[in-house]
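Undergrad: Here it is, the structure in full.
The values are calculated or read from the model by the stated rules, or taken from the named source; none is laboratory data. None of these values were measured; they are calculated from a predicted model. Note that we place each Cβ from the backbone using ideal geometry, even for glycine, and neighbour counts take in every protein chain shown.
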Amino acid sequence: MISFRNVRFLGSGLLILLLVAPSPAAQPSAKQLYQKALDLEKVRKASDPAQSRISEWKKVASAFRAVYYAYPSSSYSDNCLFHVGALYAEMGSRFNDSLYFRRATSSYQFLIEQYSSSSLVVDAMLEYIRITRNELKDDQAAEDMEVALRKRAPKTAASIGKTVTATAIQPAVMKTLRHYTGPDYSRIVIDFDREVTFKRNRLNDPDRLYVDFDNTLAEKPLLTQNFQVDDGFLKQIRIGQYNMRRARVVLDLKSIENYEIFSLYHPYRVVIDIQGKKSVPVAQTPAPQTQVVPPEMARANASGQYSLARQLGLKVQRIIVDPGHGGQDPGCMYAGMQEKNITLDVALRLKQILQDEYGYEVLMTRYDDHFVPLEQRTAFANSHSADLFVSVHVNSSRNKQARGIETYYLNFATSPEAMEVAARENAIAEKNMGELQKLTAAIALNSKIQESRDFAGLIQTTLVGHVKKQYPAVNSLGVKQAPFYVLIGAQMPSILAEISFLSNQKESTLLALPDYRKTIAEGIARGVKHYTETLAESKITQNRN
Ligand SMILES: [Zn+2]
């Protein structure tokens, strides 16, 4: 019997194993591997923890893991799991990152479940309870483990006593549910007053997906509200108070391709993305105006011609332009200028060029100064079946000398600078980025990373090249990757352009010039066209083969 959590745990382990496992003939014994891990641990402990790099800690953890991957039934395995748990718990404190506390609890839990006769189980349980309660604030998990501990070691359980069940910590409140729906995509966003833990489950006959939120009360109006969707793949959404401590959201499904659930922070919300089975497009007949999608049809360009992309009937027709921030969220500010106004100005110019000169159909996530939540922007693009997504932002840095143009696509961040930019654009603290990195790694599997990277590359070179003609001092910071809320779950190639630094005096002066903003918009538009043309070329090449 292996629980879902363990399967995941093993899954990532197996991958590492495949990469590092030596050939059977050369394989060292369990004892040798264990000794090697202990030696590494000794070296790490001898160095100053405040100076230590995260890679040194990870090296020790993988050395211990290597033992139970290679010799799961050896007598060293439970010790190794315990070491890994302790190591991650220490990393959680040292690097101030809840991701490592979670890894610590996974390791202890694995030990508790898979090596239940080990003499280390009780200690693992105590550590698990301490971490879930004090560090992860997951009282539900701590209480569940206390129940198990009372069975296993009643005296020990009594000694930690008092905190058990009766504490009844104040439940979280489920406040609102929003949903954005298109022909084959829905995003459901549930808002809470604080972070909650949840479990998902899929049931057949009838097909439904439900998510249970621990220690959560749904607000009364939610319980009586009927979220009738009926869009062909998602029938309706129901909310119930399963018991005094558990709220449940049920999605009644018709035919879905897949789904994804994740959390976003500040304020805390849970997002459910549902991908319906793609409806077969009706050949040749243009879509009737009454469809879900409101937009203007693709226009002929200024000279009365349809664009190359349109003529070739290629994929890119509808582009979403997303001006960063808006309303109560001004973005970065400097010298009386606000990012939200600059991004809107550039986005409107970009829209016009893309439509009038190149004949694309363009929709914007906002047309004026109002607030649009980040998760709603991608949902808008997905539910309108857009082909490309371009988010326009203005950079800022604590380093006032920093200047230049950079283009991002969604992935986990690989540099502290990229991390800083993403934290700012996500409106969350940098220390909260750990969970997001993990989430992005999971979601990235299903998204268009490769295409987005190509797209970002063409935008960056074309944009910088174009700006250079008029503003030779322009600085290219290149293409970068980072986890941006606004790009998570996008089903089309999507990028985020940071068009210059408002925090840099020279660039803020430039951004104030209408001509500079026009040049930026032209550069991005050319990049889009360039990307579309490379798609056309590859499509023609494919057809020839
Ligand atoms: Zn921004």
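Undergrad: Picking from T440, T343, T407, T414, which residue would you name as being crowded, with 16+ Cβ neighbours inside 10 Å, away from the ligand (no atom under 15 Å from the Cβ), in the same structural domain as I320 (by TED's automatic domain parsing) and of a type outside the set (D, E)? Give the derivation first.
TA: On the way: T343 fails: away from the ligand (no atom under 15 Å from the Cβ); T407 fails: away from the ligand (no atom under 15 Å from the Cβ); T414 fails: crowded, with 16+ Cβ neighbours inside 10 Å.
The conditions single out T440.
Undergrad: Within the range 376-397, can you find the residues that are away from the ligand (no atom under 15 Å from the Cβ), of a type in the set (G, A, S) and under 19 Å from Q450 (Cβ atoms)?
TA: Of everything in the range 376-397, those that are away from the ligand (no atom under 15 Å from the Cβ), of a type in the set (G, A, S) and under 19 Å from Q450 (Cβ atoms) turn out to be A381, A386.
Undergrad: Just to be sure before I move on: is A402 among the small types (G, A, S) and more than 29 Å from Y268 (Cα to Cα) in the structure I sent? Quick ask: steps written out before the conclusion?
TA: Details: among the small types (G, A, S): yes; more than 29 Å from Y268 (Cα to Cα): yes.
The answer is yes for A402.
Undergrad: Among the residues of the range 129-150, is any loosely packed, with under 15 Cβ neighbours inside 10 Å, part of a helix (DSSP H, G or I), outside the structural domain of D231 (by TED's automatic domain parsing) and of a type outside the set (D, E, K, R)?
TA: So far as the range 129-150 goes, yes, one or more of its residues are loosely packed, with under 15 Cβ neighbours inside 10 Å, part of a helix (DSSP H, G or I), outside the structural domain of D231 (by TED's automatic domain parsing) and of a type outside the set (D, E, K, R).
Undergrad: Cβ-Cβ under 8 Å, sequence separation 6+ or interchain: first residue in the range 318-334 and more than 16 Å from F501 (Cβ to Cβ), partner in a loop (DSSP other than H, G, I, E, B) and within 10 Å of the ligand (Cβ to nearest atom). Which pairs?
TA: D329/A427
Undergrad: Pairs please, first residue from the range 65-82 and of a type in the set (D, E), second anywhere and part of a loop (DSSP other than H, G, I, E, B), Cβ atoms under 6 Å, 6+ apart in sequence or on different chains.
TA: Pairs that qualify, where the first residue is of a type in the set (D, E) and the partner is part of a loop (DSSP other than H, G, I, E, B), are D78/Y115; D78/S118; D78/L120.
Undergrad: Just one of K400, K469, K431 is surrounded by fewer than 18 Cβ atoms within 10 Å (Cβ to Cβ), more than 16 Å from the ligand (Cβ to nearest atom) and under 26 Å from G92 (Cβ atoms); which is it? Let's see the steps before the verdict.
TA: On the way: K400 fails: under 26 Å from G92 (Cβ atoms); K469 fails: under 26 Å from G92 (Cβ atoms).
Answer to the selection: K431.
Undergrad: Follow-up question, since we're still on this one. Select the helices (runs of 4 or more DSSP H) contained entirely in the range 431-511, then report the ones holding at least 3 residues which are over 25 Å from M337 (Cα atoms) and out of contact with any Ser or Thr (no Cβ under 9 Å at 6 or more places or on another chain). Before the answer, list the steps.
TA: On the way: elements: 433-444, 449-470, 505-511.
Answer list for the range 431-511: 433-444, 449-470.
Undergrad: Cβ contacts < 7 Å: first residue over 21 Å from R103 (Cα atoms), restricted to the range 36-62; second residue part of a helix (DSSP H, G or I), any location; separation 6+ or different chain. Result?
TA: Final answer for the pair search is K36/A63.
Undergrad: For residues that are within 10 Å of the ligand (Cβ to nearest atom), buried (at least 18 other Cβ atoms within 10 Å of the Cβ) and not acidic (D, E), tally how many sit in the range 327-340.
TA: Within the range 327-340, the first condition is being within 10 Å of the ligand (Cβ to nearest atom), and the residues that meet it are 329-332, 339-340.
In the following step, the residues that additionally are buried (at least 18 other Cβ atoms within 10 Å of the Cβ) were identified as 331-332, 339-340.
Within this subset, residues satisfying the condition of being not acidic (D, E) are 331-332, 340.
Looking only at that region, the number is 3.
Undergrad: Has the range 241-253 got any residue that is exposed (fewer than 11 other Cβ atoms within 10 Å of the Cβ), modelled with pLDDT of 90 or more and over 29 Å from the mean Cα position of the chain (by Cα)?
TA: Just the residues of the range 241-253 that are exposed (fewer than 11 other Cβ atoms within 10 Å of the Cβ), to begin with: 243-244.
Those left that are additionally modelled with pLDDT of 90 or more: none.
No, every residue in the range 241-253 fails to be exposed (fewer than 11 other Cβ atoms within 10 Å of the Cβ), modelled with pLDDT of 90 or more and over 29 Å from the mean Cα position of the chain (by Cα).
Undergrad: So which of A429, A444, A423 ends up being modelled with pLDDT under 90 and over 19 Å from R377 (Cα atoms)? Please lay out each step first, then the result.
TA: Working: A444 fails: over 19 Å from R377 (Cα atoms); A423 fails: over 19 Å from R377 (Cα atoms).
Every option except A429 fails the conditions.
Undergrad: Hey, another quick one. Quick one: would you say L223 is farther than 28 Å from T440 by Cβ and touching a Pro at 6+ places or on another chain (Cβ under 6 Å)? If you could, list the steps in order and put the result at the bottom.
TA: Numbers: farther than 28 Å from T440 by Cβ: yes; touching a Pro at 6+ places or on another chain (Cβ under 6 Å): no.
Here the answer is no, as L223 does not meet what is asked.
Per-residue answers, yes or no, for (1) away from the ligand (no atom under 16 Å from the Cβ); (2) of a type in the set (F, W, Y); (3) under 22 Å from V362 (Cα atoms):
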position	(1), (2), (3)
L458	yes, no, yes
Q481	yes, no, no
S494	no, no, yes
E498	no, no, yes
K506	yes, no, no
L511	no, no, no
R517	no, no, yes
A525	yes, no, yes
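Undergrad: Looking at V189, V196, V211, which one is in contact with a strand residue (DSSP E or B) (Cβ under 6 Å, 6 or more places away or on another chain), in contact (Cβ under 8 Å) with a residue 60 or more places away in the chain and part of a loop (DSSP other than H, G, I, E, B)?
TA: Details: V189 fails: part of a loop (DSSP other than H, G, I, E, B); V211 fails: part of a loop (DSSP other than H, G, I, E, B).
Criteria check complete, one pass: V196.
Undergrad: Moving on to the next point. With respect to I449, determine if the residue is in contact with a Phe, Trp or Tyr (Cβ under 8 Å, 6 or more places away or on another chain), farther than 15 Å from V394 by Cβ and within 16 Å of the ligand (Cβ to nearest atom). Lay out the reasoning, then the answer.
TA: Values: in contact with a Phe, Trp or Tyr (Cβ under 8 Å, 6 or more places away or on another chain): yes; farther than 15 Å from V394 by Cβ: yes; within 16 Å of the ligand (Cβ to nearest atom): no.
So I449 does not fit the description; no.
Undergrad: Can you tell me which residues in the range 319-361 are farther than 26 Å from A422 by Cβ and in contact with a Leu (Cβ under 7 Å, 6 or more places away or on another chain)?
TA: Correct list: Y360 only.
Undergrad: Just a yes or no: is a residue in the range 357-368 closer than 22 Å to L502 by Cβ, within 23 Å of the chain's Cα centre (by Cα), modelled with pLDDT of 95 or more and away from the ligand (no atom under 14 Å from the Cβ)?
TA: Yes, because at least one residue in the range 357-368 is closer than 22 Å to L502 by Cβ, within 23 Å of the chain's Cα centre (by Cα), modelled with pLDDT of 95 or more and away from the ligand (no atom under 14 Å from the Cβ).
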